[in-house]
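Colleague: Before I ask anything, let me first share the structure, which is written out below as structure tokens.
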């Protein structure tokens, strides 16, 4: 018996000791040798959290080959889930790619660290119109990754006439054939636009009215399902007629199903910027900067744009893309598709970007959102 | 009459097995599909198998799954066996109380186990990290100063392993327990009286008696670990992911048919192992039956089947 | 001597205190407190997490309803299956048990995902129905104009997912009880003049009750708390308790205090259900094990 106790004790001791780092302190104060398992030698790594279908994966391999840094690339479905998982402490990323309004919230709550732009020379290539935006007015924390619009995706063979209004998301003409987007900000945002309100309203009545509109459509059985990236499979397979999603993802679906069409409704919509940030408690800050600089390069932006169909904020890449496409595929890029990807200014003028909402309004969004799903 | 009924029951069984295996067959068939659809057949190809071996994320997740399951099974089996032996030498009251606590992870919903462990780890790590960042020990050893820094902790493989061990041990205890109960305790006492040390008595007397319980406990533990998603999902953090977590995040967008390929491979390996084990067992059983035939033959024939 | 042997359990008792009891204590603490100033702290004692739970009543009822339906279906399929298996010869039995266990080695999410492809509106089952003319027939009879049967993203699909995934948990315990029945008892009943239905009703069924009870527990508990099955097959429109809890921790509406309260209430209801059920007979502990 005593032997077993001693064994367990020894095991516990060994475990706790092996977890510590022991450094010899030199008389002049410097450190020389390390023992235990601190940072493994040569094991440079970086943990990146992004969205699904949001990178040309060959870029990851290339970055690893170039730098010797191992990339731990993970995805979460939405800004809200990213925020929950950070709050819960369930994940510990170095780099994240949230959208504008979530970035302001994270800055406000002191989650992010200021970037060292001297380590990100490619930041200079970002177009000026994507710098110093309202979510990061002095541009201390972010390097834009992509930008785009939210709109309606529909299957032209399954609807009678082209869709022009958000009403398609709430009417019961296509009942049971509509897919609702699975995050409160976008779902209530489109309802707010439809009702003629701002997506950034803090008027509780307006928000409740918008939520009621969605809830009403819900109870009438308009929605077949509620999903984020699940919409790829549903729309590509012709399993639903109408859905709300992002321009870039529409283009990916369109590649697999040419019956699909995309429209930014006449009431206007949301346009967004997703940007790369480093968390305050990131463990691999240098590696994170290297990653951001690599992704911000013109070559990476071109390849990403080609793969995920989201517009790049890199001026050079954005201009070069049609020519680059022709060179790659031997045929010119359809101007219409290019304009869906990189919406021209007059379209953006019809759209609003999301601003961070005050805490109590966020709470209201959450409550209304859960109430909706409870019904 | 009786034949008909047997036929009916076999058809019923066949239908149920069809229900159980239809999705698996589908997965196997579409792992050889040339296209990336799970619905439309576009010709035979091995491309997903080829791509699979270049997909580091999936390979890594398979490795993580097998490693965490194997480690958790080994640790849970050893710890569970000792714990069961301990439990069954306690007074009845204490034992039944402890067994009730032991049943909690089994009876509790996975999501509650997962969420509660996640919260515990996060809370403890929060406290620990605050301490680790601010507190450094400097010790003076033979004139040289050493500084000991404590590592910051976060969710990862270790926490997931702890969670797996926690939900595996009850299954081991549950399958070892009944064997201990059936065992003739006088045997142990006899061995001790004859001068066996406690350890020797354990290995020579107890272990052979409960061996089948241990094996089936380990098997169940491994199955549960491989099949688990929810508890891993809440305790794995961001540095590791199991195959199930990989599938979940894909199933919410596009699942690459590589997943079909990897699952087909795993399924075939398990199938092969099971068939091999079962053939061996069946052969042994037959041999045993033949050997026993002589003795049983003269004995009470009516109890041949029990 | 015995005491020293019982010390063998000491490490595990410590382990249970740390990783079984302590987490539940944490859940209880969170359930009865408000959010703290920082994420790491908890606030003051409050009942508000429970009092505001009324709006989730539909989710509670839906979860228990669907789980109950799934459990009943599992029992209705699982019992005859276990019974039929037990009547076969030993070789057949061995194969059948293995066949029931085998799917569990393919992770349940993958099998559930495969069902998505089967049940989709343009999925395999609908294509099959189309090709045999079933859909046209139904349209003709009902005067409707369906291009497919709506199966995925319905409550029915969620129940199917539960039945499919948890059926083995019903079959195995029942089977292992039936197989251990003392045949002399059955013979005695027959000798005393019971016909085969009588034997089943008066002897076999009551004796297999422990297996049924543990089967019911093992199907009901995971069904009532699942979030992956309802997420994938229910299409997010039929939220269950598991989804609600997940939403508060890793999902889109972070609120661990409310999430803990909901988890606690679910746990208590499940325990009460089990307690009531166990009054009908003691669940067979070892029935889980083959």
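The values are calculated or read from the model by the stated rules, or taken from the named source; none is laboratory data. Computed from a predicted model, the values in this text were never measured in an experiment. Note: ideal-geometry Cβ built from the backbone for every residue, glycine included; neighbour counts use all protein chains shown.
Colleague: Can you report the number of residues in segment C:96-137 which are outside any helix (DSSP H, G or I) and more than 22 Å from the chain's Cα centre (by Cα)? Working first, answer last.
Modeller: Filtering segment C:96-137 down to residues outside any helix (DSSP H, G or I) leaves C:106-107, C:120-123, C:132-133.
Those still in the list that are more than 22 Å from the chain's Cα centre (by Cα) too: C:120-123, C:132-133.
Number satisfying all stated conditions: 6.
Colleague: Continuing with the same structure: Criterion first (within 23 Å of the chain's Cα centre (by Cα), in a helix (DSSP H, G or I) and over 22 Å from residue B:113 (Cβ atoms)) does residue C:185 satisfy it?
Modeller: Details: within 23 Å of the chain's Cα centre (by Cα): no; in a helix (DSSP H, G or I): yes; over 22 Å from residue B:113 (Cβ atoms): yes.
It is false that residue C:185 is within 23 Å of the chain's Cα centre (by Cα), in a helix (DSSP H, G or I) and over 22 Å from residue B:113 (Cβ atoms).
Colleague: Name the residues in segment A:132-160 that are more than 30 Å from residue A:224 (Cβ to Cβ) and within 18 Å of the chain's Cα centre (by Cα), would you?
Modeller: A:133, A:134, A:135, A:136, A:141, A:142, A:143, A:144, A:145
Colleague: Being part of a helix (DSSP H, G or I), without any contact (Cβ under 8 Å) to a residue 60 or more places away in the chain and more than 7 Å from chain B (Cβ to nearest Cβ) is the filter here, so list the residues in segment C:86-95 that pass it.
Modeller: C:90, C:92, C:95
Colleague: Among the residues of segment C:163-211, how many are touching a residue at least 12 places away in the same chain (Cβ under 8 Å) and under 30 Å from residue C:67 (Cβ atoms)?
Modeller: Number of matching residues: 24.
Colleague: Quick test of your reading of the structure: residue A:235 fulfils all but one of (1) in contact with a helix residue (DSSP H, G or I) (Cβ under 9 Å, 6 or more places away or on another chain); (2) assigned to a helix (DSSP H, G or I); (3) farther than 16 Å from residue A:154 by Cβ; (4) within 12 Å of chain C (Cβ to nearest Cβ). Name the failing condition by number.
Modeller: (3)
Colleague: Turning to a different aspect of this structure: Mind telling me which of the residues C:28, C:72, C:21, C:37 ends up being on the phi < 0 side of the Ramachandran plot and facing another protein chain (nearest Cβ under 9 Å)?
Modeller: Just a single option satisfies the conditions, and that option is C:21.
Colleague: Being in contact with a helix residue (DSSP H, G or I) (Cβ under 6 Å, 6 or more places away or on another chain), more than 10 Å from every other protein chain (Cβ to nearest Cβ) and modelled with pLDDT under 95 narrows it down to one of A:44, A:129, so name that one.
Modeller: Being in contact with a helix residue (DSSP H, G or I) (Cβ under 6 Å, 6 or more places away or on another chain), more than 10 Å from every other protein chain (Cβ to nearest Cβ) and modelled with pLDDT under 95 holds for just one of A:44, A:129, which is A:44.
Colleague: Test residue B:62 against the criterion of being crowded, with 20+ Cβ neighbours inside 10 Å and in a helix (DSSP H, G or I), and give yes or no. Break it down stepwise before answering.
Modeller: Details: crowded, with 20+ Cβ neighbours inside 10 Å: no; in a helix (DSSP H, G or I): yes.
Here the answer is no, as residue B:62 does not meet what is asked.
Colleague: Now for a different question. Name the single residue that is modelled with the lowest pLDDT among those in segment C:263-273 being over 8 Å from residue C:31 (Cα atoms) and buried (at least 20 other Cβ atoms within 10 Å of the Cβ).
Modeller: Checking each candidate, the answer is C:270.
Colleague: Now for a different question. Restricting to segment B:203-249, count the residues that are touching a helix residue (DSSP H, G or I) at 6+ places or on another chain (Cβ under 6 Å) and either more than 10 Å from every other protein chain (Cβ to nearest Cβ) or outside any helix (DSSP H, G or I) (or both).
Modeller: 13
Colleague: Looking at A:267, A:316, A:331 in this structure, which one is out of contact with any helix residue (DSSP H, G or I) (no Cβ under 6 Å at 6 or more places or on another chain) and farther than 23 Å from residue A:69 by Cβ?
Modeller: A:331
Colleague: Out of B:192, B:200, which single residue is at the interface with another protein chain (Cβ under 8 Å from one of its Cβ atoms), assigned to a helix (DSSP H, G or I) and surrounded by fewer than 18 Cβ atoms within 10 Å (Cβ to Cβ)?
Modeller: B:192
Colleague: Restrict the check to segment B:101-119 and report whether at least one residue is part of a helix (DSSP H, G or I), more than 7 Å from every other protein chain (Cβ to nearest Cβ), crowded, with 18+ Cβ neighbours inside 10 Å and modelled with pLDDT under 90.
Modeller: There is at least one residue in segment B:101-119 that is part of a helix (DSSP H, G or I), more than 7 Å from every other protein chain (Cβ to nearest Cβ), crowded, with 18+ Cβ neighbours inside 10 Å and modelled with pLDDT under 90.
Colleague: Between B:153, B:161, B:180, which is surrounded by fewer than 20 Cβ atoms within 10 Å (Cβ to Cβ) and assigned to a helix (DSSP H, G or I)?
Modeller: B:180
Colleague: OK, next. Could we say that residue A:292 is part of a helix (DSSP H, G or I) and assigned by TED's automatic domain parsing to the domain that holds residue A:197 here?
Modeller: Judged against the criteria, residue A:292 is not a match.
Colleague: Exactly one of these conditions fails for residue C:150: (1) crowded, with 17+ Cβ neighbours inside 10 Å; (2) under 22 Å from residue C:238 (Cβ atoms). Give me its number.
Modeller: Every condition holds for residue C:150 apart from (1).
Colleague: What are the residues in segment A:171-200 that are buried (at least 21 other Cβ atoms within 10 Å of the Cβ), in a loop (DSSP other than H, G, I, E, B) and away from chain C (no Cβ under 14 Å), if any?
Modeller: A:199, the sole residue that qualifies.
Colleague: Of everything in segment C:26-63, what is part of a loop (DSSP other than H, G, I, E, B) and surrounded by fewer than 17 Cβ atoms within 10 Å (Cβ to Cβ)? Give them in sequence order.
Modeller: Residues satisfying the conditions are C:36, C:37, C:38, C:39, C:40, C:41, C:46, C:47.
Colleague: Might you let me know whether segment B:159-168 holds any residue that is at the interface with another protein chain (Cβ under 9 Å from one of its Cβ atoms) and over 30 Å from residue B:102 (Cα atoms)?
Modeller: So far as segment B:159-168 goes, no, none of its residues is at the interface with another protein chain (Cβ under 9 Å from one of its Cβ atoms) and over 30 Å from residue B:102 (Cα atoms).
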